[in-house]
């Protein structure tokens, strides 16, 4: 078993552990403490404590690796000599705190300027999406394949939005998708939506700006399942800055990228 195979197995195990902790909070939302980080940007004790569990597990198992988490990203300093774990403890906090089941744990490993491992775990349905670079993608151990769709008219495209961009940055591409006979979908979790692209449930995903902890695992899943994405994580600095994300089934990607203006 190679080093990245070991990292993948570890990521799967710790994602399940974090998922069970988060699910406990989700099943008792009435006692949850929630605070605002900005407009439509929330955090809860579930986010903080789940990230702490994952971070402590990584520090114990992989003490030489760096860590970039959504709830502690201010202290992150890129180091090209270290592999980096990129973690969103609960991607989809808004759905989570409102009792909607579209949230997940996202864990990726980036090393030598390449995504090596990606895991997205949905505790509410016990679905574990996992991928390693060159090793393919799986759902609960079974191989994943992206959709065989050939145009935007053949399925659903998820369109994400955040307050880091203007409404026009999303509305323009969304309008063009609809004029191209596409249909849109949004569930509040970019990582889970990207996993759905890998699974063939969605034919594409677009968001004008995503943070790396939201897209890293999901983008690897899509590419390892036979889909394609833009080069949204070319180096260590992209982990800090984030950027636009386009991912889709292989035969849909070129059309989606052209329509949303990312070609």
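Wholly within segment 151-247, which helices (runs of 4 or more DSSP H) include no fewer than the required count, namely at least 3 residues that are surrounded by fewer than 24 Cβ atoms within 10 Å (Cβ to Cβ)? Walk me through it before giving the result.
Working: elements: 167-179, 190-198, 212-224, 236-241.
Filter on segment 151-247 gives 167-179, 236-241.
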Which of the residues that make up segment 63-101 are crowded, with 18+ Cβ neighbours inside 10 Å and part of a loop (DSSP other than H, G, I, E, B)? 83, 92
Filter segment 248-263 for residues that are part of a loop (DSSP other than H, G, I, E, B) and out of contact with any strand residue (DSSP E or B) (no Cβ under 6 Å at 6 or more places or on another chain); the one that is surrounded by the fewest Cβ atoms within 10 Å (Cβ to Cβ) is 263
Within segment 25-51, can you find the residues that are loosely packed, with under 13 Cβ neighbours inside 10 Å and modelled with pLDDT of 85 or more? 27, 28
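The values are calculated or read from the model by the stated rules, or taken from the named source; none is laboratory data. Note that this is a predicted model, so its numbers are computed, not measured. Neighbour counts are summed over all protein chains in view; Cβ atoms, including those assigned to glycine, are modelled from backbone coordinates with ideal geometry.
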